[in-house]
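Asker: Structure below; questions to follow.
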Amino acid sequence: MATPSASSSSRRKPSLTRIFAWAIFIVCAAYLIVPLLTQFDYSLRAKRDQVGFTAYTNVLAIPDPAKAVTVETSPPKVALSLPKFYSSLLFSCLMAVLTIVVNTAIIVPTAYWVQYRLPRFKPAMEFFTVLPFAIPGIVLTFGLLRTYSGPPFNLTNTELGTVVMLVGAYSILVMPYTYRAVDTGLRAIDIRTLTEAARSLGAGWPVVILRVILPNLRVAVLSAALLTFAIAIGEFTFVNFLFPDERAFGSYLAAIGRNKIFEPAALTIISFLMVWAAVLLIQRLGRGGNQTQVTGIR
Amino acid sequence: MAFLELNALRKTFGNTVAVEHFDLSVQRGEFVSFLGPSGCGKTTTLRMIAGFEEPTEGRIVIDGEDVTNTPPNKRKLGMVFQSYALFPNMTVADNIAFGLRMLKTPHDQTQKRVQEMLMLIQMPDYGKRYSYQLSGGQQQRVALARALAIQPRVLLLDEPLSALDAKIRDELRNEIRRIQQALGITTIYVTHDQEEALSLSDRIVVMNKGKVEQIGEPFEIYNRPATEFAAKFVGTLSTLRGTVGGEDHVVVNGQPIRLAQSLHDRRVGDAISISLRPETIALGNGEVGANTLKATVQAITFLGAIVRVQLSANGSSFVADSLNSPSFAPPRVGDEVTVSFSPEAARVVS
């Protein structure tokens with residue numbers, strides 16, 4: 001039978017552990033939250049002796065819809081004239097979406113095929129996909145620029161070519177994240193049996209990938225998409241060389257940081273909110289519909 | 001001509017021979033099981049029929065069409081896997097409809113066929129559920145319905161009951177046989193469970209180390225095994241060692257044992273082994289004309305309806321099965337007992 005002192009000491013032990021755990025949690029949370037709070041506080045002091053959202057309204061200046069869109073009839077043309085914040089954000093979002101599409105279209109079938117048919121190439125794949133981590137961004141940028149901006153590619157000679165080059169560069173940059181997310185997703189499902197079941201029922205390879213494998217990788221692909229989105233939105237090195245006119249959000253952020261005082265802090269908070277919104281959206285989409293589950297036994 | 005023909009099939013993986021010289025003719029509507037231990041090549045053979053493995057040599061002909069090099073999605077075969085392989089992102093109805101959609105079956109016909117299949121597997125109200133909402137047995141029924149929905153030329157089942165518990169396994173085994181007979185579909189069934197193979201099949205192919213040991217009906221395989229492996233793998237078999245005592249008998253533990261087989265090609269005094277099934281050995285003196293043998297009880301195992309007695313005579317261990325009944329008094333370990341068996345029950349092994 002436990003003595004009263006022993007029992008009270010055994011009760012104290014877990015509570016001490018709990019206090020220690022809470023202390024660590026609070027310190028870590030403060031490390032992350034305090035800078036954000038100070039940024040937020042700073043962003044509210046654009047006007048002397050006043051607290052307000054002036055920096056935010058300066059950044060987010062709502063465009064006049066009548067002036068924002070111009071429609072011309074001859075030749076037919078729709079032109080957008082938006083404040084820099086929106087136009088750069090729109091441009092970077094477009095680049096991010098293109099990168100997500102290109103990356104998913106390349107990485108999902110590749111990772112699937114390596115896992116299904118060529119497992120002996122997995123170590124090589126692991127090596128190649130970490131190369132963007134190992135090579136400094138500036139080296140990667142110059143390497144790509146030297147290779148593709150000159151003959152025979154001459155990609156930077158045209159607007160479309162430059163976009164292709166930027167999307168290609170982003171795809172390389174985010175490849176480690178995408179490959180790992182997709183690879184983890186593939187490990188969680190019995191792709192061999194699912195593939196063979198689909199094939200025995202008459203499915204060709206495109207159907208296997210698009211209707212059987214991809215839907216079961218939804219969470220993995222969404223996670224990869226979120227990471228791609230976050231990286232592409234804030235990326236600076238590539239866009240600074242390829243689009244030096246502050247057309248992309250990354251170069252716009254850098255320009256604001258150089259030229260303004262309170263607006264960079266407001267932009268930081270806005271950027272965080274955008275990323276959190278994206279995370280919530282991903283979680284929502286990941287939860288929606290049916291649950292993904294490994295079928296049967298493994 | 002047979003509906004499914006496997007001609008001289010051979011499959012190697014590097015230097016390893018997985019299947020060698022496999023010949024088989026299966027008639028339309030026949031239920032054939034591939035039976036053997038793990039690694040004997042039965043699943044590899046099935047996968048070659050399905051198109052998932054390419055034969056190193058040989059030919060596969062289905063309904064007169066050589067499909068050896070036809071991709072799996074063009075073979076029009078149905079396959080059921082050990083791990084069910086239901087598509088987790090689809091409902092039960094969508095799983096069953098998948099193959100029909102691949103065949104571009106009109107929507108109304110697809111819906112009708114899905115309902116027919118759900119009725120066939122006795123799950124008419126489960127169409128809107130997902131695989132994770134079903135038990136293992138239900139998942140395997142759906143997998144069966146999905147494979148049957150496309151009216152395949154041959155149904156292939158790769159150890160479909162291995163992942164299920166004993167009771168569900170028995171139920172589903174009867175269900176598979178009922179459906180197969182109702183539809184008259186040609187079926188190849190892979191299993192390492194002899195009871196499954198014996199109870200389900202029209203014919204059994206016993207395999208070992210990539211080779212066919214014996215092809216025959218269940219009764220023939222069990223009662224007249226062609227090889228020692230077939231005899232030992234299918235059912236329990238005890239081997240007794242002794243010497244040749246004459247043209248019609250052997251001597252075990254100093255006791256003569258008469259055989260139905262002639263030993264005219266053996267010399268008296270030569271070493272010989274005979275095999276016995278446990279159910280052919282009775283405790284006691286038995287009927288007139290039966291062989292009797294004195295043996296010592298080594299162990300007794302109660303199996304419910306059967307009491308299995310482990311015995312030894314002349315250094316050879318053997319097993320006798322007795323039907324359990326309230327009046328049955330089993331011997332005790334260490335007792336010396338007399339057992340009996342007919343001359344027909346004892347078969348020469350070597």
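The values are calculated or read from the model by the stated rules, or taken from the named source; none is laboratory data. Because the structure is predicted, anything quoted here is derived from the model rather than measured. Note that each Cβ is placed from the backbone with ideal geometry, even for glycine, and that neighbours are counted across all protein chains shown.
Asker: Just name the residue that is nearest to the chain's Cα centre (by Cα) out of those in segment A:213-253 that are closer than 17 Å to residue A:162 by Cβ and of a type in the set (D, E, K, R).
Answerer: Ranking the candidates gives A:235 first.
Asker: Output the number of the condition that residue B:170 fails; it satisfies all remaining conditions of (1) more than 12 Å from chain A (Cβ to nearest Cβ); (2) within 20 Å of residue B:187 (Cα to Cα); (3) assigned to a loop (DSSP other than H, G, I, E, B).
Answerer: So the condition that residue B:170 fails would be (3).
Asker: On to the next question. Residues in segment B:32-60 that are within 14 Å of chain A (Cβ to nearest Cβ), among the charged types (D, E, K, R) and within 17 Å of residue B:8 (Cβ to Cβ): how many?
Answerer: Step one: list which residues in segment B:32-60 are within 14 Å of chain A (Cβ to nearest Cβ), which gives B:43-44, B:46-54.
Now narrow it down to the ones that are among the charged types (D, E, K, R): B:47, B:53-54.
The next check asks that each one be within 17 Å of residue B:8 (Cβ to Cβ); those that pass are B:53-54.
Here the count works out to 2.
Residue-by-condition table, conditions (1) crowded, with 20+ Cβ neighbours inside 10 Å; (2) over 31 Å from the mean Cα position of the chain (by Cα); (3) over 12 Å from residue B:252 (Cβ atoms); (4) in contact (Cβ under 8 Å) with a residue 40 or more places away in the chain:
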{"site": "B:276", "(1), (2), (3), (4)": "yes, no, no, yes"}
{"site": "B:289", "(1), (2), (3), (4)": "no, yes, yes, yes"}
{"site": "B:295", "(1), (2), (3), (4)": "yes, yes, no, yes"}
{"site": "B:298", "(1), (2), (3), (4)": "no, no, yes, no"}
{"site": "B:310", "(1), (2), (3), (4)": "no, no, yes, no"}
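Asker: When you check residue B:110 against the structure, is it of a type in the set (Ser, Thr, Tyr), in a helix (DSSP H, G or I) and over 26 Å from residue B:2 (Cα atoms), yes or no?
Answerer: For residue B:110, the condition - of a type in the set (Ser, Thr, Tyr), in a helix (DSSP H, G or I) and over 26 Å from residue B:2 (Cα atoms) - is met.
Asker: Just one of the numbered conditions (1) surrounded by fewer than 22 Cβ atoms within 10 Å (Cβ to Cβ); (2) more than 30 Å from residue B:37 (Cβ to Cβ) is not true of residue B:137; which one?
Answerer: Looking at each condition in turn, residue B:137 falls short on (2).
Asker: Regarding segment B:172-181, can at least one residue be identified that is buried (at least 22 other Cβ atoms within 10 Å of the Cβ) and in contact (Cβ under 8 Å) with a residue 12 or more places away in the chain? Spell out how you get there, then give the answer.
Answerer: Step one: of segment B:172-181, the residues buried (at least 22 other Cβ atoms within 10 Å of the Cβ) are B:176, B:180.
The next check asks that each one be in contact (Cβ under 8 Å) with a residue 12 or more places away in the chain; those that pass are B:176, B:180.
Looking through segment B:172-181, at least one residue is buried (at least 22 other Cβ atoms within 10 Å of the Cβ) and in contact (Cβ under 8 Å) with a residue 12 or more places away in the chain.
Every residue, every condition in (1) under 19 Å from residue B:84 (Cα atoms); (2) more than 10 Å from every other protein chain (Cβ to nearest Cβ); (3) of a type in the set (A, V, I, L, M), yes or no:
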| residue | (1), (2), (3) |
| --- | --- |
| A:160 | no, yes, yes |
| A:175 | no, yes, yes |
| A:185 | no, yes, no |
| A:195 | yes, no, no |
| A:208 | yes, no, yes |
| A:215 | yes, no, no |
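Asker: Scanning segment B:231-258 for residues that are of a type in the set (Gly, Ala, Ser) and in contact with a Leu (Cβ under 9 Å, 6 or more places away or on another chain), which turns out farthest from residue B:272 (Cα to Cα)?
Answerer: Going residue by residue through segment B:231-258, those that are of a type in the set (Gly, Ala, Ser) are B:231, B:235, B:238, B:242, B:245-246, B:254.
Now restrict to residues that are in contact with a Leu (Cβ under 9 Å, 6 or more places away or on another chain): B:231, B:235, B:238, B:245-246.
Numbers: B:231: 16, B:235: 22, B:238: 14, B:245: 10, B:246: 12 Å.
Per the stated criteria, the residue is B:235.
Asker: How about segment B:148-205: which of its residues are farther than 29 Å from residue B:74 by Cα and of a type in the set (Ser, Thr, Tyr)?
Answerer: B:199
Asker: Then there's this: Determine if segment B:237-251 includes at least one residue that is touching an Asp or Glu at 6+ places or on another chain (Cβ under 8 Å) and in a loop (DSSP other than H, G, I, E, B).
Answerer: no
Asker: Right, here's the next one. Here's a check for you: in segment B:287-333, which residue that is among the aromatic types (Phe, Trp, Tyr) and in contact with a strand residue (DSSP E or B) (Cβ under 7 Å, 6 or more places away or on another chain) is farthest from residue B:240 (Cα to Cα)?
Answerer: Only one residue fits best here, namely B:328.
Asker: Of all residues being of a type in the set (Val, Ile, Thr) and within 31 Å of the chain's Cα centre (by Cα) in segment B:83-113, which is nearest to the other protein chains (Cβ to nearest Cβ)? Just the residue, please.
Answerer: Among residues in segment B:83-113 that are of a type in the set (Val, Ile, Thr) and within 31 Å of the chain's Cα centre (by Cα), the one nearest to the other protein chains (Cβ to nearest Cβ) is B:96.
Asker: Where in segment A:1-95 are the helices (runs of 4 or more DSSP H), entirely inside, with at least 2 residues that are at pLDDT 80 or above and either of a type in the set (Phe, Trp, Tyr) or over 30 Å from residue A:249 (Cα atoms) (or both)?
Answerer: Ranges flagged: A:4-43.
Asker: If you don't mind, there's one more thing I want to ask. Quick one: in segment B:220-237, of everything that is within 22 Å of residue B:23 (Cβ to Cβ) and among the aromatic types (Phe, Trp, Tyr), which residue is surrounded by the most Cβ atoms within 10 Å (Cβ to Cβ)?
Answerer: B:233
Asker: Given the criteria within 14 Å of chain A (Cβ to nearest Cβ), in contact with a Pro (Cβ under 8 Å, 6 or more places away or on another chain) and of a type in the set (Val, Ile, Thr), does residue B:80 qualify?
Answerer: yes
Asker: Return the total of residues in segment B:1-25 being touching a residue at least 12 places away in the same chain (Cβ under 8 Å) and out of contact with any helix residue (DSSP H, G or I) (no Cβ under 8 Å at 6 or more places or on another chain).
Answerer: Result for segment B:1-25: 14.
Asker: Would you pick out the residues in segment A:195-219 that are out of contact with any Leu (no Cβ under 9 Å at 6 or more places or on another chain) and in a helix (DSSP H, G or I)?
Answerer: A:195, A:196, A:198, A:199, A:205, A:206, A:207, A:209, A:210, A:211, A:214, A:215 - these are the residues of segment A:195-219 that are out of contact with any Leu (no Cβ under 9 Å at 6 or more places or on another chain) and in a helix (DSSP H, G or I).
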